[in-house]
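Worksheet for the structure shown next.
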Amino acid sequence: MNFENLLYEVSDGIATVTVNRPKALNALNAATLKELINCFAAIRDDEAVKVVILTGGGEKAFVAGADIAEMQSLDAVEASRFARLGHELAAAVEELPKPVIAAVNGYALGGGCELALCCDIRLAAENAQFGQPEVNLGVIPGFGGTQRLARLIGKGLASELIMTGDMIDAAEAHRIGLVNKVFPAADLMTAARKMAGKIASKGLVAVGFAKAALRDGLEMDLARACNLEADLFGLCFATADQKEGMQAFLEKRPAKFVGK
Ligand code: HXC
């Protein structure tokens, strides 16, 4: 696939999507958001892709936010439409039945932090910086930050980040559960590929069901969520991978999953 503002490559079942506007610290303009939406639609339909890594081009940034130069002159209706484009992308990432790992290699600010938040797992380089600096611009987060940040790290810490606009470093992001693991910058992509490769070796229907149960279940009351889990657990028994996985365990050999 060819894009103006993204790099895209697939190897060993792992797709790497790189937001690539390094001169603007990978800021998300409408064109880039649309390319990302199209890219994730193609990934959904490509059986060769099992796991996705999302990262930023250049040395400094994952994504430094929505494109301020483009946003500056929007009217209220256009701004709302722009926010909804971000929500459409977040939904495409969250509803993809394949895991998406954010490899945060620098600034993840505003819309960039929000993009990382809709991924399943966040890994960060030691030099990564996170923040929701929208109040510095007279606006609020608009790609889901008020919601996903509060759901991930709790309302109090989310309120502090969103109301002060402060940036936090990778160590602090790790401490508060915003990122899963932190690596020296030079090791980040190797670590992301290693984790992606490990997930790609599992029964991928089950991995997709786990993603759905985590995503949808957290929005339900516990009883309904456990019901959903039980239904999806049952559905796993309609797959060849369940038969292979359990048989391989009992035969004391590694499982050979087929993703069906
Ligand atoms: C457009 C951006 C940008 C952005 C950086 N650039 N961030 N352009 N939109 N979000 C551009 C700069 O204008 C500059 O272009 C080039 O990238 C390099 O940036 P510098 O500022 O020179 O780099 P540095 O001094 O190292 O500072 C890095 C930085 C700073 C701390 C990340 O760039 C910064 O504060 N950026 C804005 C971060 C932000 O406020 N993000 C939230 C946006 S609002 P030139 O042409 O001068 O070289 C948002 C809302 C989401 O995301 C919801 C929308 C609905």
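The values are calculated or read from the model by the stated rules, or taken from the named source; none is laboratory data. Everything numeric in this text was worked out from a predicted model, so none of it was measured. Glycine also receives a Cβ, built like all others from the backbone with ideal geometry; neighbour counts cover every protein chain displayed.
Would you check which residues across the stretch 115-130 are within 9 Å of the chain's Cα centre (by Cα) and either within 12 Å of the ligand (Cβ to nearest atom) or not in a strand (DSSP E or B) (or both) and list them? First the steps, then the outcome.
Restricting attention to the stretch 115-130, the residues satisfying the condition of being within 9 Å of the chain's Cα centre (by Cα) are 115-122.
Residues satisfying the conditions are Leu115, Ala116, Leu117, Cys118, Cys119, Asp120.
Would you mind telling me which numbered condition in (1) within 12 Å of the ligand (Cβ to nearest atom); (2) aliphatic (A, V, I, L, M); (3) closer than 21 Å to Gly144 by Cα Ala24 fails?
Just one mismatch for Ala24, condition (3).
Let's see how each residue does on (1) at pLDDT 95 or above; (2) over 22 Å from Leu6 (Cα atoms); (3) surrounded by fewer than 24 Cβ atoms within 10 Å (Cβ to Cβ):
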{"site": "Ile68", "(1), (2), (3)": "yes, no, yes"}
{"site": "Ser73", "(1), (2), (3)": "yes, yes, yes"}
{"site": "Ala76", "(1), (2), (3)": "yes, yes, yes"}
{"site": "Leu85", "(1), (2), (3)": "yes, no, yes"}
{"site": "Val104", "(1), (2), (3)": "yes, no, no"}
{"site": "Leu109", "(1), (2), (3)": "yes, no, no"}
{"site": "Glu114", "(1), (2), (3)": "yes, no, no"}
{"site": "Cys119", "(1), (2), (3)": "yes, no, yes"}
{"site": "Gln147", "(1), (2), (3)": "yes, yes, yes"}
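Being over 24 Å from Arg44 (Cβ atoms) and among the acidic types (Asp, Glu), is that true of even one residue in the stretch 248-255?
Looking only at the stretch 248-255, we keep the residues that are over 24 Å from Arg44 (Cβ atoms), and these are 248-255.
Those still in the list that are among the acidic types (Asp, Glu) too: 251.
Yes, there is a match, as at least one residue in the stretch 248-255 is over 24 Å from Arg44 (Cβ atoms) and among the acidic types (Asp, Glu).
Select from the stretch 133-190 the residues that are among the charged types (D, E, K, R) and either in contact with a Ser or Thr (Cβ under 8 Å, 6 or more places away or on another chain) or assigned to a helix (DSSP H, G or I) (or both) and list them in ascending order. Don't jump to the end; show me each part of the working.
As a first pass, look at the stretch 133-190 and keep what is among the charged types (D, E, K, R): 134, 148, 151, 155, 160, 166, 169, 172, 175, 181, 187.
Those that are among the charged types (D, E, K, R) and either in contact with a Ser or Thr (Cβ under 8 Å, 6 or more places away or on another chain) or assigned to a helix (DSSP H, G or I) (or both): Glu134, Arg148, Arg151, Lys155, Glu160, Glu172, Arg175, Asp187.
Among the residues of the stretch 158-206, count how many are among the hydrophobic types (A, V, I, L, M, F, W, C), touching a strand residue (DSSP E or B) at 6+ places or on another chain (Cβ under 8 Å) and farther than 19 Å from Gln132 by Cβ. Give the steps one after another, and end with the answer.
Initial filter on the stretch 158-206 (among the hydrophobic types (A, V, I, L, M, F, W, C)): 158, 161-163, 167-168, 170-171, 173, 176, 178-179, 182-183, 185-186, 188-189, 191-192, 195-196, 199-200, 204-206.
Filter again for touching a strand residue (DSSP E or B) at 6+ places or on another chain (Cβ under 8 Å), leaving 161, 167-168, 170-171, 173, 176, 178-179, 182-183, 185, 188-189, 191-192, 195-196, 199-200.
Next, only the ones that are farther than 19 Å from Gln132 by Cβ stay: 182-183, 185, 188-189, 191-192, 195-196, 199-200.
Number satisfying all stated conditions: 11.
Give the residue, chosen from Glu244, Glu251, that is loosely packed, with under 15 Cβ neighbours inside 10 Å and either over 24 Å from Ile101 (Cα atoms) or of a type in the set (D, E, K, R) (or both).
Numbers: Glu244 fails: loosely packed, with under 15 Cβ neighbours inside 10 Å.
Unique residue meeting the criteria: Glu251.
A quick yes/no check of all residues on (1) without any contact (Cβ under 8 Å) to a residue 60 or more places away in the chain; (2) farther than 30 Å from Thr239 by Cα; (3) within 16 Å of the ligand (Cβ to nearest atom):
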site	(1), (2), (3)
Ile140	yes, yes, yes
Arg151	no, yes, no
Ala171	yes, yes, no
Phe183	no, yes, no
Met189	no, yes, no
Met195	no, no, no
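Based on what the data block shows, is Ala212 under 30 Å from Val104 (Cα atoms), in the same structural domain as Ala128 (by TED's automatic domain parsing) and small (Gly, Ala, Ser)? Let's see the steps before the verdict.
Values: under 30 Å from Val104 (Cα atoms): yes; in the same structural domain as Ala128 (by TED's automatic domain parsing): no; small (Gly, Ala, Ser): yes.
For Ala212, the condition - under 30 Å from Val104 (Cα atoms), in the same structural domain as Ala128 (by TED's automatic domain parsing) and small (Gly, Ala, Ser) - is not met.
Any residue at all in the stretch 217-239 that's in a helix (DSSP H, G or I), touching a Pro at 6+ places or on another chain (Cβ under 7 Å), not small (Gly, Ala, Ser) and not assigned by TED's automatic domain parsing to the domain that holds Ile14?
So the first thing to find is which residues in the stretch 217-239 are in a helix (DSSP H, G or I), and the list is 217, 222-236.
Checking the rest, the ones that are also touching a Pro at 6+ places or on another chain (Cβ under 7 Å) come to none.
Checked against the condition, which is being in a helix (DSSP H, G or I), touching a Pro at 6+ places or on another chain (Cβ under 7 Å), not small (Gly, Ala, Ser) and not assigned by TED's automatic domain parsing to the domain that holds Ile14, the stretch 217-239 yields no hits at all.
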